[in-house]
Structure formats: C-alpha cells, structure tokens
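See structure below.
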Amino acid sequence: EKPYDNYLRLDAIYNYMDEVAANYPNIVKQVTAGRSFQGRPIKYLKISSTNFEDRSKSIIFVDATLHAREWITPPAAAYAIHKLVENRTDPELLDNFDWIIMPVSNPDGYEFSHTNERFWRKTRSFNIENLISFICRGVDGNRNFDIHWGTVGSSDDICADNYAGSAPFSEIETRLVRDVLKENLSRMILYITLHSYGSMILYPWSHDGSLSNNALGLHTVGIAMADAIFAKTLPIFPRYTVGNSMLVIGYPSSGAAEDYAHSIGVPLTYTYELPGIEHDYDEDDDDEDDDDFANDDHLKGFHLDPQYIRP
Ligand code: 0X9
Ligand code: ZN
C-alpha cells in the first residue's frame, strides 16, 4: 500500500522514501535532517535531474505534517514524490527545478496521533524545568518560528493547542525546517508548507494582514496554483481561496513557517490548507461516550475518508 493511497504510519512512509531513493539513485538523494525530540529521524528527499549541481536552477521546498493531525498532508507530499520520480507525466517540473520534499516534519506528533490522540496538533516535547510540561506536552510548530514570535494568535499557556514554545525555535523540528530553508536559500524560489483544512492558499503576512513587497507575485502565482488544482480535482472540493493568511483564514498568527521563510528571503511562500470534509470518521463510534473529540464537528475535517486522498 502506497502512502498516497492511505494514511500510513511513519515507518511505512519512510519505507516508501527508501524505496524511491533506492530505485532512482540518479535523481533522488535521501537526507536525514536530524532527529525529533523523541529521537525519530526526520527525513527528506532531494530530487534533481542534475544532482543539485546546476546553480542556475531554482529550488522548490515542500514540507508536511508540522501539525500532527492533518493526515491528508503526508499523502499529498508522497504523491508529489510519486509524480516527480515514478510517474513523470509533467517532466518539465524536474527539468526546470530542483525539489526538496519532507513529508513528516513532526514525526513524534504524527505517531502520537495514530497511537493515542487522533486530533493531536503539536510536537511532543517537554521541558525538564517546567513540571506542567510533563502533563501538557508539545509546542505548536507553526507558532515556534522566529517571526514576530509570541505576539499575536499564539499562546503562552503551555497547555494550549497554539502554545508558541518557551522561545523561538525551542523545537528541534522547527530548527530542522529552518536549516533546510537557510542551506538552500540562495536558490529557493518557492516554499509550500502543507496543512489542512479549508481549501486555501495563504501567503504573508499573518501577524497583521499586511502585504509583502512581493504581494503581486505571491497573488499571481497563488491564483495560477489554485486554477491548476481546480482543473485536476473532483468538483466535490471547492476551489482554493487565495490570499493573505490573516485575511483569508480570519485570524492573525505569529511564528508561522510561511512568514519566517518569506522574511529570510524566499520569494514565494505559501501555507496550503488542503481540503477537508466533515463526516463521521468512525461510523461505529457511539457519539455519547466519545472521548477523543471525534464528535467535535470542526475536528472531523481533519479526517477525510481515504477514498478522497487522490482527488
Ligand atoms: O493556524 C495555523 O497554523 C494554520 N491553520 S491550521 O488549521 N492548519 O492550524 C494557518 C496558518 C496560516 N498561515 C500563517 N499563520 N502564516
Ligand atoms: Zn496546520
């Protein structure tokens, strides 16, 4: 079973990456960026027709699963790998760009969302100096980047789902994403961080809804992406809404990956909110004694039936 056809555990996603790297050694290099708080490897694939040596090529970086419960995002990243390497119907994507794809940037949270709490969002870190952190573990990775950190739309309550962390880049997982951005900055033209849900393509700035100097470029490319996606997906999903993060999603936030990447100089940076469909994810579940929030309607959208992954 392929990781773009079902919601697979981390080891199965990593097995697929190993397999692609082994089968296509001339275009795929696997890199272990580092290890998560709990020691799991954080891996990405570098995909290039010129071994990342053509300095004139631009780099596109896609990551996924910073938020653990957003299970549609690792399949989307895995499908991108599949289409770039194994099923190349659009060869210009690889002829013209080098790619970095990191399907699971928060493996601890992702595994926890499989084993313990389906709707876990954060990392799984704790801090030896703060006893409460043993009860309320983890940090919201998308509030932990060093961009207006801790100012708006994040919490200093360690138990909150949008807890910003004890400091910018307190989390090893966000530091590893930062390092990929910085190492490749001179050639990186586009960064997409995959989230769910809401069918939105969001661009900076998120803290106050203001526009960056590259707003025209961001909007133009955003619209082109939304058009391209709409042309390829089933009409059961709405067209992606394109715009400023704060204005489109309706709340400000600070410390987000998309804003950080743009602030250090990546010209095009987007948060994709992939589609969600609100339905009962476990038909057998007795709503009365549901203890994992599955009957909270808002959370249902994080769990699309696997039949919707491909579309
Ligand atoms: O709140 C978030 O981090 C993102 N939504 S989610 O439901 N996936 O948690 C939205 C991020 C919007 N973009 C920025 N804040 N930069
Ligand atoms: Zn998210």
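Structure values in brief
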{"quantity": "Lone unmet requirement of (1) touching an Asp or Glu at 6+ places or on another chain (Cβ under 9 Å); (2) without any contact (Cβ under 8 Å) to a residue 40 or more places away in the chain for Ser186", "calculated": "(1)"}
{"quantity": "Elements of type helices (runs of 4 or more DSSP H) contained in segment 17-125, each with 1 or more residues being farther than 18 Å from Leu194 by Cβ, touching a strand residue (DSSP E or B) at 6+ places or on another chain (Cβ under 9 Å) and modelled with pLDDT of 95 or more", "calculated": "92-96"}
{"quantity": "Residue identified as within 16 Å of ligand 2 (Cβ to nearest atom) and part of a loop (DSSP other than H, G, I, E, B) among Gly150, Gly165", "calculated": "Gly165"}
{"quantity": "Selection count where residues are without any contact (Cβ under 8 Å) to a residue 60 or more places away in the chain and over 27 Å from Glu171 (Cα atoms), scope segment 63-96", "calculated": "11"}
{"quantity": "Members of segment 66-85 found to be in contact with a Leu (Cβ under 9 Å, 6 or more places away or on another chain) and within 16 Å of ligand 1 (Cβ to nearest atom), listed by number", "calculated": "Leu66, Arg69, Glu70, Trp71, Ile72, Thr73, Pro74, Pro75, Ala76, Ala77"}
{"quantity": "Members of segment 125-173 that are β-branched (Val, Ile, Thr), within 14 Å of ligand 1 (Cβ to nearest atom) and farther than 18 Å from Arg69 by Cβ", "calculated": "Ile147, Thr151, Val152"}
{"quantity": "Which listed residue is hydrophobic (A, V, I, L, M, F, W, C), closer than 12 Å to Met102 by Cα and crowded, with 16+ Cβ neighbours inside 10 Å, from Ala76, Ala68", "calculated": "Ala76"}
{"quantity": "Candidate set: segment 190-231, residues that are free of Cβ contacts under 8 Å to residues at least 40 places away in the same chain and among the polar types (S, T, N, Q); chosen: the one nearest to ligand 2 (Cβ to nearest atom)", "calculated": "Ser210"}
{"quantity": "Selected residue (only one of Tyr191, Tyr197 is in contact with a helix residue (DSSP H, G or I) (Cβ under 9 Å, 6 or more places away or on another chain) and surrounded by 15 or more Cβ atoms within 10 Å (Cβ to Cβ))", "calculated": "Tyr191"}
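The values are calculated or read from the model by the stated rules, or taken from the named source; none is laboratory data. Just so we're clear, the structure is a prediction, and the values are computed from it rather than from any experiment. Cβ: placed from backbone, ideal geometry, glycine included. Neighbour counts: every protein chain shown.
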